[in-house]
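Worksheet: one structure, shown below.
FYI, it's all coordinate maths here, none of it is from the lab. Keep in mind it's a predicted model, so treat the numbers as computed, not measured. Cβ sites come from the backbone with ideal geometry, for glycine too, and all protein chains shown count toward neighbours.
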Amino acid sequence: ATPTSIMVGTGRGAELGILFRKGQALQSLRDARVVAVDKTGTLTEGKPVLTDFELAAGFERASSLAAIAAVEAQSEHPIARAIVQAAEQEQLVLPSIAQFESITGHGVRARLQLQGAEQTIEVGADRFMASLGLSVAQFAETANRLAREGKTPLYAAIDGQLAAIIAVADRIKASTPAAIAALHALGLKVAMLTGDNAQTAQAIAAQLGIDEVKAEVLPEGKVQALRLLRQQYGPVAFVGDGINDAPALAEADVGLAIGTGTDVAVETADVVLMSGNLQGIPNAIALSQATIGNIR
Ligand code: ADP
Ligand code: MG
């Protein structure tokens with residue numbers, strides 16, 4: 001590519017809301033064979049809502065939801081916001097908590113102060129419950145149904161006893177299906193990387209026609225997943241929005257951040273898509289092919 005063609009491409013990108021932060025980015029984008037995309041906040045709105053709340057025998061709805069929401073009120077995860085909102089809609093009073101702890105990729109834990117008594121609340125994924133020695137078998141059928149619907153099943157334990165299954169669902173962005181179709185039309189594979197439940201991720205991927213799914217990955221796991229995709233397909237582009245996505249944005253041959261995402265993601269990226277509209281991804285690749293030349 002000549003300096004002039006890079007200048008022209010970069011200028012045209014700016015008009016389309018695509019900011020090239022590094023000169024090399026146009027070239028790397030043109031060479032990409034696979035686009036790996038973070039799910040929550042990138043493919044989806046990142047604003048999940050609580051859809052289901054089922055109790056185990058012996059647990060009472062209002063007090064259980066209030067206790068769970070009190071713990072989640074300390075967390076910054078989008079899932080936490082969904083649970084707190086549900087409790088607020090029911091005008092529940094949240095008890096005060098102590099010793100809050102967040103276990104990355106697993107869930108949250110805290111102690112509740114209830115009129116002199118104390119209670120331990122743990123909320124998170126099935127693997128979190130398993131690590132606590134708790135079986136979620138009694139909710140297996142419900143969990144399968146929820147995951148098939150593309151919802152994320154979560155569990156709550158109160159004082160070491162399984163108390164509830166909770167589901168949250170996050171809407172797919174309106175621009176996602178067309179953006180994936182456009183990437184396929186450009187000859188690229190599309191992969192989805194997520195910390196979410198494997199069955200939930202599969203259901204969403206099937207709905208969107210996504211080629212590869214790597215689910216239940218921890219933030220460091222996203223880097224490993226990118227290396228495997230590179231071995232399998234060749235140069236990899238990664239698109240993400242979160243603090244969690246910074247290592248993957250750095251590892252990818254070209255990293256694209258959603259401009260509405262976190263500062264850390266934007267600062268680590270080679271390319272910034274100014275809007276949350278995912279059409280920016282195929283647009284950026286088409287522009288790189290037009291500017292540098294299509295190698296196929
Ligand atoms: P992602 O951003 O892709 O959801 P995370 O690593 O942040 O990945 O979370 C992975 C999983 O850990 C979530 O899908 C959920 O099951 C569990 N988890 C994380 N934080 C919380 C929380 N505050 N409350 C309940 N579950 C949580
Ligand atoms: Mg995200």
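Quick one: Cα centre-to-centre distance for segment 110-178 and segment 1-64, in angstrom?
Segment 110-178 and segment 1-64 have Cα centres separated by 26 Å.
For 7, 274, 129, which order do you get if you count the other beta carbons within 10 Å of each Cβ and list the fewest first? Can you show the working numbers first?
Numbers: 7 12, 274 15, 129 22.
In order of increasing Cβ crowding within 10 Å: 7, 274, 129.
For the chain, what number of Lys pairs, 8 or more residues apart or on separate chains, have alpha-carbon atoms under 19 Å from each other?
Close lysine pairs found across the chain: 13.
Would you work out the Kirkwood radius for segment 208-278? I mean one over the mean of 1/r across all pairs of different Cα atoms, in Å.
Over segment 208-278, the inverse of the mean reciprocal pair distance is 12.3 Å.
Taking the convex hull of the alpha carbon atoms in the chain, what volume per residue do you get, in Å³?
Working: hull volume 36.0 nm³, N = 296.
About 122 Å³ per residue, rounded to a whole number.
Tell me the relative contact order for the chain as a rounded percent, counting alpha carbon contacts under 8 Å between residues six or more apart. Can you show the working numbers first?
Numbers: 602 pairs, mean separation 77.5, N = 296.
Contact order relative to length: 26 percent.
Restrict the search to segment 1-70; then list the GluC sites (Glu not before Pro) that DSSP places in a loop and that have at most 12 other Cβ atoms within 10 Å of their Cβ.
Working: sites: 15, 45, 54, 60; in loops: 45, 60.
Loop-located and lightly packed - 60.
Taking every DSSP beta bridge that has both residues in the chain, what percent is antiparallel when rounded to the nearest 5? Don't skip to the end; give the middle numbers.
Numbers: 35 of 54 bridges.
For the chain, the DSSP antiparallel bridge percentage is about 65.
Let me make sure I get this right: for segment 70-144, a, b and c are the square roots of the gyration tensor eigenvalues over alpha carbons, sorted descending. Under 1.5 in a/c it's rounded, otherwise prolate if a/b > b/c, else oblate. Which is it?
On the way: a/c = 1.63, a/b = 1.35, b/c = 1.20.
Prolate, since a/c reaches 1.5 and a/b exceeds b/c.
Run the numbers for residue 211 and residue 131: contour at 0.36 nm per residue of separation, minus the present Cα-Cα distance, in nm. Spell out each step's value before the answer.
Numbers: separation 80, 0.36 × 80 = 28.80 nm, distance 3.10 nm.
Stretched fully, the residue 211-residue 131 segment lengthens by 25.7 nm.
Give the residue list of trypsin sites (Lys or Arg not before Pro) in segment 120-161 that are DSSP loop and have at most 13 other beta-carbon atoms within 10 angstrom.
Values: sites: 127, 145, 148, 151; in loops: 151.
Qualifying residues, ordered by number: none.
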